[in-house]
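The values are calculated or read from the model by the stated rules, or taken from the named source; none is laboratory data. What you are looking at is a predicted structure, and each value in this text was computed from that prediction instead of being measured. Backbone-built Cβ (ideal geometry, glycine too); neighbour counts: all protein chains shown. For the accessible areas, the whole protein counts, side chains as well, though only heavy atoms, and no ligand, DNA or RNA atoms are used. Shrake-Rupley method; radii C 1.70, N 1.55, O 1.52, S 1.80 Å.
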Amino acid sequence: MTEVHFYHLTRNNVEEVLPALLEKTRERGWKAVVMASSPERVESLNRHLWVSGRDSFLPHGSARDGEAALQPIWLTESDERPNGAQVLFLTDGAVSQQQGDYERVCDIFDGENEEAVAAARQRWQECKEKGFTLSYWQQGDNGWAKQAAA
């Protein structure tokens, strides 16, 4: 059964938290797809990941780079899974119809934006109705804290 983890950002933006989450994904030997809202956003994340790895380079690519099946981290604005990823990262309110194909989905949203929070609540309800296992993480003073599921 697919696990969906909602990440409520209150202190950092996607660019600041995504590299650490991707590093943890890679440590487990998993591949990832990062879905963004537009080709421009994909390119922005692509540039950011070139310089953001804490200890090492995060291997990744996008349509501009090609070789999708070989990329451990695939950045896209499309609802696709060309690298056989186990984990899907949804950013910028991106929505996938293929969530059930992944072991884990990480829905990262801006907790300071009321529209983003309302949209995340709607996605939570939809995931709950699909029977996915849900968890909710919120940034706090001491990092991420798992919150009680509603």
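What to note about this one:
Yes/no matrix, rows are residues, columns are (1) under 26 Å from residue 111 (Cα atoms); (2) of a type in the set (Phe, Trp, Tyr); (3) open to solvent by 10 Å² or more (accessible area, probe 1.4 Å):
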residue: 38; (1), (2), (3): yes, no, yes
residue: 46; (1), (2), (3): yes, no, no
residue: 81; (1), (2), (3): no, no, yes
residue: 88; (1), (2), (3): yes, no, no
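- In the set (1) in contact (Cβ under 8 Å) with a residue 24 or more places away in the chain; (2) charged (D, E, K, R); (3) closer than 15 Å to residue 14 by Cα, residue 43 fails one condition alone, (1).
- Filtered residue count, the range 100-123, keeping only those that are open to solvent by less than 10 Å² (accessible area, probe 1.4 Å) and assigned to a helix (DSSP H, G or I): 1
- Considering residues of the range 124-146 that are polar (S, T, N, Q), modelled with pLDDT of 95 or more and part of a strand (DSSP E or B) only, the residue most open to solvent (accessible area, probe 1.4 Å): 133
- In the set 51, 14, 42, 34, only one residue is β-branched (Val, Ile, Thr) and open to solvent by 70 Å² or more (accessible area, probe 1.4 Å); that residue is 51.
- Wholly within the range 1-92, strands (runs of 3 or more DSSP E) carrying at least 3 residues that are more than 25 Å from residue 146 (Cβ to Cβ) and at pLDDT 95 or above: 73-76
- Residue in the range 35-53 that is closer than 19 Å to residue 139 by Cβ, β-branched (Val, Ile, Thr) and under 13 Å from the mean Cα position of the chain (by Cα) present: no
- Per-region count, the range 111-127, residues out of contact with any Ser or Thr (no Cβ under 9 Å at 6 or more places or on another chain) and closer than 16 Å to residue 17 by Cβ: 3
- Scanning the range 123-150 for residues that are under 19 Å from residue 10 (Cβ atoms), among the small types (Gly, Ala, Ser) and in contact (Cβ under 8 Å) with a residue 40 or more places away in the chain returns 135, 140.
- Checking each residue in the range 54-79 for being in contact (Cβ under 8 Å) with a residue 40 or more places away in the chain and surrounded by fewer than 16 Cβ atoms within 10 Å (Cβ to Cβ) picks out 78, 79.
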